[in-house]
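The structure appears right after this line, and notes come after that.
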Amino acid sequence: MNIFFARHGQTSFNRDNKMQGLGEIPLTTEGEKYIHNVAVASANYKINRIYVSNILRAKQTAKIYQNTFNASVKIDDRLNEIDVGDFEGKLFKEVKEDYSYVLEQWQLGKFNNVNIPNGEKFSSLEKRIKSFLDNIIQESGSFNSDQSILVVSHFVVIKSIISILLTQSLSSSNGLRINLGNITKFSFEKEKGWELQYMNLPIIN
C-alpha cells in the first residue's frame, strides 16, 4: 500500500505570514492553481481513497484531487491542524514578540513545555495522529498491495506524522520542511512496516 501526505495549497494567512490553525481561510487563486498543477502532473497515477481534515483549505485541496482521481473522500477530524488558539490570525513576528517563551519551546522541540493560550497540547495532537495511523494499518488488510491513499492535511500535522513514522515520536518534526501543496510518500507492508519513498515533491507517483 502506498500513502501520500499532501499539504493544502496557499491561503492568505500563508501568504501574509500569519499563524493558522482551525480557521476557515480559503485557498488563494495561486493556491488553487498550484494544487491543480500538481494534480495534472499526477493524473496518470491511481488514487483509490482520499482522507482529508475537516478544515476548509484542506477540503478545497482534496476536491481538486477528487476531480482528478475520481476517488472517494472521507473527512477525518484527526487530520485537522493543531489548534493555535489565541495565535490564530496573528503575524508570526507578533507571536515572537508577545509569546517568546512559548515559541522558543516550540522551536526547540520541547513540546511538553508548549502551552498555546487557549490552544491544543502537543500530547493531544500526537494521540490523534497515532490513532489515525493505527486505523490506516487496520484497514490496510482490506486493501490490495498496489492500492494508494491520499491524505490531505496541514503543516504541523504532516511533519508530526513523518516524525512519528520514522522515530515513533514528534522528536524530529521541527527539522522537517513541507512546502505548501507538496507531497510526501510512504509505503506500508505488514512485514516491513512504514518506509519513506520521497518527501516534499510537487507530484504524486
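The values are calculated or read from the model by the stated rules, or taken from the named source; none is laboratory data. Keep in mind the model is a prediction, meaning the values are calculated, not measured. We place every Cβ from the backbone using ideal geometry, glycine too, and count neighbours over all the protein chains shown. Ligands, DNA and RNA are excluded from the accessible area calculation, which covers all protein heavy atoms including side chains. Shrake-Rupley method; radii C 1.70, N 1.55, O 1.52, S 1.80 Å.
Take the residues in segment 60-70 that are touching a residue at least 24 places away in the same chain (Cβ under 8 Å) and not polar (S, T, N, Q), then tell me which one is farthest from Leu150 (Cα to Cα).
Pass one, segment 60-70, residues touching a residue at least 24 places away in the same chain (Cβ under 8 Å): 60-62, 64-65, 67-69.
Of the ones still in play, those that are also not polar (S, T, N, Q) are 62, 64-65, 69.
Values: Ala62: 9, Ile64: 12, Tyr65: 9, Phe69: 10 Å.
Restricting to residues being touching a residue at least 24 places away in the same chain (Cβ under 8 Å) and not polar (S, T, N, Q), the top hit is Ile64.
Candidates are the residues of segment 26-70 that are within 25 Å of Leu125 (Cβ to Cβ) and among the aliphatic types (A, V, I, L, M); the one that is most open to solvent (accessible area, probe 1.4 Å) is Leu56. Residues of segment 168-205 that are of a type in the set (A, V, I, L, M), outside any loop (DSSP other than H, G, I, E, B) and in contact (Cβ under 8 Å) with a residue 60 or more places away in the chain: Ile183 alone.
If you go through segment 154-165 one residue at a time, do you hit one that is in contact with a Leu (Cβ under 6 Å, 6 or more places away or on another chain), part of a strand (DSSP E or B) and not aromatic (Phe, Trp, Tyr)? No: zero hits. When only residues in segment 71-87 that are in contact (Cβ under 8 Å) with a residue 40 or more places away in the chain and within 10 Å of Ile116 (Cβ to Cβ) count, which is surrounded by the fewest Cβ atoms within 10 Å (Cβ to Cβ)? Once the filter is applied, the top-ranked residue is Gly85.
Could you please let me know if Ile116 is open to solvent by less than 30 Å² (accessible area, probe 1.4 Å), of a type outside the set (Asp, Glu), in contact with an Asp or Glu (Cβ under 6 Å, 6 or more places away or on another chain) and not in a helix (DSSP H, G or I)? It is false that Ile116 is open to solvent by less than 30 Å² (accessible area, probe 1.4 Å), of a type outside the set (Asp, Glu), in contact with an Asp or Glu (Cβ under 6 Å, 6 or more places away or on another chain) and not in a helix (DSSP H, G or I). The combined condition, being surrounded by 14 or more Cβ atoms within 10 Å (Cβ to Cβ) and at pLDDT below 95, is fulfilled by Gln147.
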